[in-house]
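A short worksheet on the structure shown next.
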Amino acid sequence: MSDITIWHNPRCSKSRQTLALIEDKGDVHIRKYLDDAPSTEDIRTACRQLAVAPIDIMRTGERLFKELGLSKTDAEDTLIKAMAAHPILIERPIVFHGGKARIGRPPESVLEIL
């Protein structure tokens, strides 16, 4: 089992930069989360490890956020289900290590958990 996991989107420059930063820090499991969508439980775990609310890991500026009729005040379950069904709504990248997680914005922020 990998000791570092990244929810990665290879088309995202911040995701690519974050991956480059962590590749020499240990065994990295790359989860291309757009192809391998996180479950609702995966998203809940990510929020716990990040110590944030679901809205804080959502890309609220994505056109799909508005198309789905979502708002920043929606119930957490609604937001989590939307992210599981439409992973493009999840902020990227997210790095997991040792029961903690960080969003790679800026990419260097993930280094504090490695």
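The values are calculated or read from the model by the stated rules, or taken from the named source; none is laboratory data. These numbers come from a predicted model, not from an experiment. We place every Cβ from the backbone using ideal geometry, glycine too, and count neighbours over all the protein chains shown.
Computed quantities for the displayed model
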| item | result |
| --- | --- |
| Residues of region 22-41 classified as over 18 Å from LEU114 (Cα atoms) and in contact (Cβ under 8 Å) with a residue 24 or more places away in the chain, total | 7 |
| Condition met for ARG92 (in contact with a Gly (Cβ under 8 Å, 6 or more places away or on another chain) and either at positive phi or in contact (Cβ under 8 Å) with a residue 40 or more places away in the chain (or both)) | yes |
| Region 1-14, residues that are surrounded by 15 or more Cβ atoms within 10 Å (Cβ to Cβ), in contact with a helix residue (DSSP H, G or I) (Cβ under 7 Å, 6 or more places away or on another chain) and either of a type outside the set (S, T, N, Q) or assigned to a strand (DSSP E or B) (or both) | ILE4, ILE6, HIS8, LYS14 |
| Residue match in region 98-109 (condition: hydrophobic (A, V, I, L, M, F, W, C) and under 13 Å from the mean Cα position of the chain (by Cα)) | yes |
| Among residues of region 55-83, those that are under 21 Å from SER39 (Cβ atoms) and among the β-branched types (Val, Ile, Thr), counted | 4 |
| Test: SER39 is surrounded by fewer than 14 Cβ atoms within 10 Å (Cβ to Cβ), at pLDDT below 95 and of a type outside the set (D, E, K, R) | no |
